[in-house]
1. Counting other C-beta atoms within 10 Å, and keeping those with at most 15, which DSSP coil trypsin sites (Lys or Arg not before Pro) do you find in the range 23-114?
2. For MET95, MET52, MET113, give the ranking by accessible area with the largest first, probe 1.4 Å.
3. Which of SER79, ILE100, MET52 sits closest to the plus end of the dipole of the chain, meaning its Cα is farthest towards the positive end, when Lys and Arg get +1 and Asp and Glu get -1 on the C-beta?
4. Could you give the size of the charge dipole of the chain about its Cα centre, using +1 on the Cβ of each K and R and -1 on the Cβ of each D and E, expressed in debye and rounded to the nearest 20?
5. Write down the accessible area per residue of the chain in Å², having rolled a 1.4 Å probe over the full set of protein chains.
6. What is the local net charge at LEU111, summed over the other residues whose Cβ is closer than 13 Å to its Cβ (Lys, Arg +1; Asp, Glu -1)?
7. Want the number for SER114 to PHE25: 0.36 nm per residue separation, take away the alpha-carbon distance, what's left?
8. List the extent of the Cα atoms of the chain along each of their three principal axes, largest first, rounded to whole Å.
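The values are calculated or read from the model by the stated rules, or taken from the named source; none is laboratory data. These numbers come from a predicted model, not from an experiment. Virtual Cβ from ideal backbone geometry, glycine too; neighbours counted across all protein chains shown. Surface areas here come from the heavy atoms of the whole protein model, side chains and all, with no ligands, DNA or RNA. Shrake-Rupley method; radii C 1.70, N 1.55, O 1.52, S 1.80 Å.
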Amino acid sequence: MTDTKTQVGVRWNRAWTSPSAVFAFGVLIIPGLLSIAANSWSEPDAADYVRMAFATVIGASVAIVTVVGLWVFFLRRRSPYLFWYTLGAVVVVAMQVSFIFGAADTLLDRLAMS
């Protein structure tokens with residue numbers, strides 16, 4: 001018999017938990033899937049307009065939470081790229097806030113027309 005210890009457990013791929021993967025899922029993929037899922041594939045009515053506006057707001061909120069969470073992650077790690085990520089996070093948050101306001105304006109315009 002040998003005295004070699006073996007590691008028991010499941011090793012999972014760290015690529016899915018990398019900051020780049022979290023950013024891609026939280027800012028691009030999840031909001032995109034929400035907008036596709038809430039899209040009206042026929043002539044939209046008032047309920048469809050509200051559903052599309054809520055999907056836009058939820059997708060933008062997910063993106064904002066993702067970017068702020070990753071900013072805290074980089075801040076705690078004292079990353080040398082914190083300054084550049086902060087600039088990118090400010091841009092993403094500003095864009096998502098404008099998407100939220102744009103969704104509200106679009107919803108009001110579409111409801112007024114129908």
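1. Details: sites: ARG51, ARG76, ARG77, ARG78, ARG110; in loops: ARG78.
Those that pass, being in a loop and sparsely packed, are ARG78.
2. Numbers: MET95 90, MET52 40, MET113 155 Å².
Greatest to least solvent exposure: MET113, MET95, MET52.
3. SER79
4. On the way: 8 positive and 6 negative charges, 173 e Å.
Value, rounded to 20: 840 debye.
5. Working: 8740 Å² over 114 residues.
On a per-residue basis, the chain sits at 77 Å².
6. Values: positive: ARG51, ARG110; negative: ASP45, ASP48, ASP105, ASP109.
Around LEU111, the surrounding residues sum to -2.
7. Details: separation 89, 0.36 × 89 = 32.04 nm, distance 3.47 nm.
My answer for the length gained is 28.6 nm.
8. Between the extreme Cα coordinates on each principal axis of the chain lie 79, 37, 13 Å.
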